[in-house]
Each structure stands twice: as structure tokens, then as C-alpha cells.
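The values are calculated or read from the model by the stated rules, or taken from the named source; none is laboratory data. In this text, all values refer to a predicted model and were calculated from it rather than measured experimentally. Glycine also receives a Cβ, built like all others from the backbone with ideal geometry; neighbour counts cover every protein chain displayed.
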Amino acid sequence: MDVSFNGFTAHSFKNRNGGYQYSRNIEAQEDAKNEGFSEEALARIPEKDRRWSWVEVSRSAIQYNVSETRRLLGQRCRLMAVVKADAYGHGANEVAKIATAAGASYLGVATVDEGIELRKADFREPILLLAEPPIESVPLLLHYRIIPSVYTSDFAINYAEIADAHNLKAPFHLAINTGMNRIGVRHDQVVEFISQISFHRALDLQGCFTHFATADAAETLDFQIQINRFVESMRALEAAGISPGIVHCDNSAAIYRFPKTHFDMARLGISLYGYQPANDTHRIITLRPAMSVFARITNVMQVPMSEGVSYGMNYRSPGSVKICTVPLGYADGLIRLLSGQIKFAYKDRAVAQVGNICMDQCMFEVDIRSRVGQPTLDPQIGDVVQIAGPNAHVDTSIDTMARKAGTIQHEVTIGLSHRMPRYYV
């Protein structure tokens, strides 16, 4: 028996066991493979129709967070928008565009490539690399005008030599270790360090900074030690006749909690994206979370009572629910540790995520029993579900997800993978 379709012919024949096998005769009609599917037409299929999960980022929320923070800082203090790690998962180029339009005059990154990406997107603002990169990357720094942090003499001298060979200056910010013990020149060795490298004419000290380890903590002793050490190091530089340039130390928590430490510039990180940096900062400023995560239902089934759901079957159906699947899992950043602990928002009602979160999918239950004063929910394939982000009716906040996972908001937003496209609304 032969069956033909779209230029192919399938021949069936009985095998030795009496069953049928099929072989396909591929003729010379190569065009038949893609008949009706041009590359141009395929490229027009939007990302949101290729997989039903996505991230929305609110432009107005980011603009508001920058504007409100600028208002608190006053006109004399510059604002750096920290857009490292793809703007904490929100999209560096888009966030930088919104933030600079709202009043940020500096951009902060963690890697050379992050700085290059911003330059290629035509950002003209100063870009500070918040670490000292490998010496081999110096030509990239100079070409793309990325200002490095400096805290070793080897890097400083090599950086200056390469810059001088091209008749360029070598601008840098001096990182000072005041107690976090991650990077930086020790606070009591700052003058000595600058004296060791200042012979090189290309070096251009444009700023000095430190980073607080406990600006968000209720106990302020360690914070006070750090700020005192930083102030002493700045005074020592000035006493030695060395201009420190732009002086900055505030992270998000310090911006709101310690106004006296604003100095010349403040670095806005997690709060740029709308998250409170400490337990008490909500009394000082209202922030608007910018990120929301959505998905569409891909499957609905009524699972008989006591049957399990997902790997391990540690959830058993009560029989009065429908189990809905959405295409979003731990490969997309929905932390597996949250399995069975979080709520989604479906038609302004809270629905419980159930069963273990899978790599690419997870499930939630919808109670289908009638309740007085509430319409019965009837979930359908294609219905939209909010997974995370601000919601007026259900606590789907990233703060709650982070707390239940025993982590911080940064890790949740950064972990949301780019398998989910970003849309700016």
C-alpha cells in the first residue's frame, strides 16, 4: 500500500512478524519540505506565540523609582543606575534608556562586555566597571570608554602604559576596602597606594568609592565603622594634596537610611527595579516593582481523587480541583525550592501551585466547587495566569517568592531566564 502526501511517498509492507512497516520515498521535490513556510514568514511569528510564558517590565515604574530617588538625593548628588547582570534581569539597554531619561547620569556594570553592550547601544554617559578586570581587557576599556575600578598596582601601571602608548588618558575610580573585604585598597593604605602609581602621567583618578556590607541591617555598628573609615581615607587623600574626584559609597539601602552619606554620587541598584532594600525603608520611600511574569495555560485536566501530580507525587488531588499546566519551570528561574509554597493569580483569584516544579513546566490547582458570592472558575487552555509581580488581589510579589526561597529579590529577578522574552509596557 502506498500513501502520498506533499511530494513524499510512503510504502507499506508486512514485516516478518506480520505487522506493517513504512518506508518513505523522498523524490527530487526538495521544495516540498518547506512549501508555504518562507523564512520571512516564519521570522514574523512573535516570541510570545512560540512559548506561552513571558516577562513584562513597566517603564513607568522604573521612571518613578529613579525620579523619587533623585528627589530624595537632591540636585547636588549624582545618581548612578546600576544595570549589571542585564539590569538585574530586566534588560540593560531598555532600563538604561529609561533611567538616564529620568535623571541618572552614570551607569554601573560588572563586566567589560556589559559596558561594551551599552556603548554599542549608543549610551554616552560615563560607565563605571565596578571591579578590576583582567589586564588583557584594557584595549577594550580604552576603545569603548569604560572606566575601571582599580585596586592593584599591577593593573594600574599596565592600564596606564597601554593608554599612554595610544596618547590616551587612563581614567579610573579607586575602590577602597573599608571592611567588606571583597575588593579594594585597604582604607589605611590609600595614600600609599596612590603614591606608588601616581608617577604615571596617563593615570587619571576620577573617583573613590567603597561598598557597604550592612547598610540594610538594623544593627548599625559595622556600618558606622565602614563609613568612618571611608571618611578618614578621603581626608587623608585631601591632606596629601590628592583630589579624590567623585566620592560615592551609597547603595540602595544607604541612600534611603543614611542621608549624610550621599556625598557626590549614589549607586541605585535593587531599588531601581522597585524593591525595598531594607525592612524599614518602606517608611521613607514608596517604590514600584517593575517586573511581572505571566504564562498561558497549556493543559487542563480533572485528576481523580488521591492521584498524584508531578515528579515524586508529593501532591495528591482532592478530586474537587482541575490541574492546570503552564510552560514555566526552574529552567526559566522559577525556583524548584518553591514547589507547593506559592500562589499564582488567575482571574484575580489566588490559585495554589502544586506538585514539584519541573524544568520547563509547573502545575497549579483550580477549585471548581461552587462558592456563595464567587463565580465558579472554569480554566481553559490559553487563559493568562500571573506567576509573579505586583497584583492588587493576590500576593504574587517577588519579595514573597524570595522570602519563601530563603534568598533576596536580586537572585529571583536575575534568575528569570531569557527563554522568556521581555516586553516593555
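Here are the numbers for this structure:
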{"quantity": "Test result for Arg78, closer than 20 Å to Ser271 by Cα, surrounded by fewer than 19 Cβ atoms within 10 Å (Cβ to Cβ) and over 22 Å from the mean Cα position of the chain (by Cα)", "calculated": "no"}
{"quantity": "Region 225-240, subset assigned to a helix (DSSP H, G or I) and farther than 14 Å from Phe212 by Cβ, residue farthest from the chain's Cα centre (by Cα)", "calculated": "Ala239"}
{"quantity": "Test: Asn391 is in contact with a helix residue (DSSP H, G or I) (Cβ under 8 Å, 6 or more places away or on another chain) and either in a loop (DSSP other than H, G, I, E, B) or closer than 25 Å to Ala85 by Cβ (or both)", "calculated": "no"}
{"quantity": "Of the criteria (1) over 18 Å from Asn177 (Cβ atoms); (2) without any contact (Cβ under 8 Å) to a residue 24 or more places away in the chain; (3) outside any loop (DSSP other than H, G, I, E, B); (4) not β-branched (Val, Ile, Thr), which one Glu219 fails", "calculated": "(3)"}
{"quantity": "Region 347-361, subset free of Cβ contacts under 8 Å to residues at least 40 places away in the same chain and either part of a strand (DSSP E or B) or in contact with a strand residue (DSSP E or B) (Cβ under 8 Å, 6 or more places away or on another chain) (or both), residue nearest to Val385 (Cα to Cα)", "calculated": "Val351"}
{"quantity": "Evaluation of Ile45 against (1) modelled with pLDDT under 95; (2) aliphatic (A, V, I, L, M); (3) under 30 Å from Pro327 (Cβ atoms); (4) not in a loop (DSSP other than H, G, I, E, B) (one fails), failing number", "calculated": "(4)"}
{"quantity": "In region 402-425, the residues that are assigned to a helix (DSSP H, G or I), under 12 Å from Leu334 (Cβ atoms) and of a type in the set (A, V, I, L, M)", "calculated": "Ala405, Val412"}
{"quantity": "Search result, residues across region 308-330 that are surrounded by fewer than 13 Cβ atoms within 10 Å (Cβ to Cβ) and either at negative phi or in contact with a Phe, Trp or Tyr (Cβ under 8 Å, 6 or more places away or on another chain) (or both)", "calculated": "Pro318, Ser320"}
{"quantity": "Every residue from region 146-197 that is exposed (fewer than 15 other Cβ atoms within 10 Å of the Cβ), touching a residue at least 12 places away in the same chain (Cβ under 8 Å) and of a type in the set (Gly, Ala, Ser)", "calculated": "Ser153, Ser195"}
{"quantity": "Residue that is surrounded by the fewest Cβ atoms within 10 Å (Cβ to Cβ) [pool: residues in region 122-136 that are within 27 Å of His187 (Cβ to Cβ) and not hydrophobic (A, V, I, L, M, F, W, C)]", "calculated": "Pro134"}
{"quantity": "Residues that are more than 24 Å from Ala175 (Cα to Cα) and either touching a residue at least 40 places away in the same chain (Cβ under 8 Å) or not in a loop (DSSP other than H, G, I, E, B) (or both), drawn from region 101-136", "calculated": "Ala101, Ala102, Lys120"}
{"quantity": "Within region 362-387, tally of residues that are more than 26 Å from the chain's Cα centre (by Cα), in a strand (DSSP E or B) and not aliphatic (A, V, I, L, M)", "calculated": "4"}
{"quantity": "Boolean, Asp399 is modelled with pLDDT under 95 and either of a type outside the set (Lys, Arg) or over 26 Å from Ser58 (Cα atoms) (or both)", "calculated": "no"}
{"quantity": "Residue within region 135-153 that is at pLDDT 95 or above, more than 25 Å from Lys84 (Cα to Cα) and in contact with a helix residue (DSSP H, G or I) (Cβ under 7 Å, 6 or more places away or on another chain) present", "calculated": "yes"}
{"quantity": "Odd one out for Ile335, checked against (1) surrounded by fewer than 22 Cβ atoms within 10 Å (Cβ to Cβ); (2) over 22 Å from the mean Cα position of the chain (by Cα)", "calculated": "(2)"}
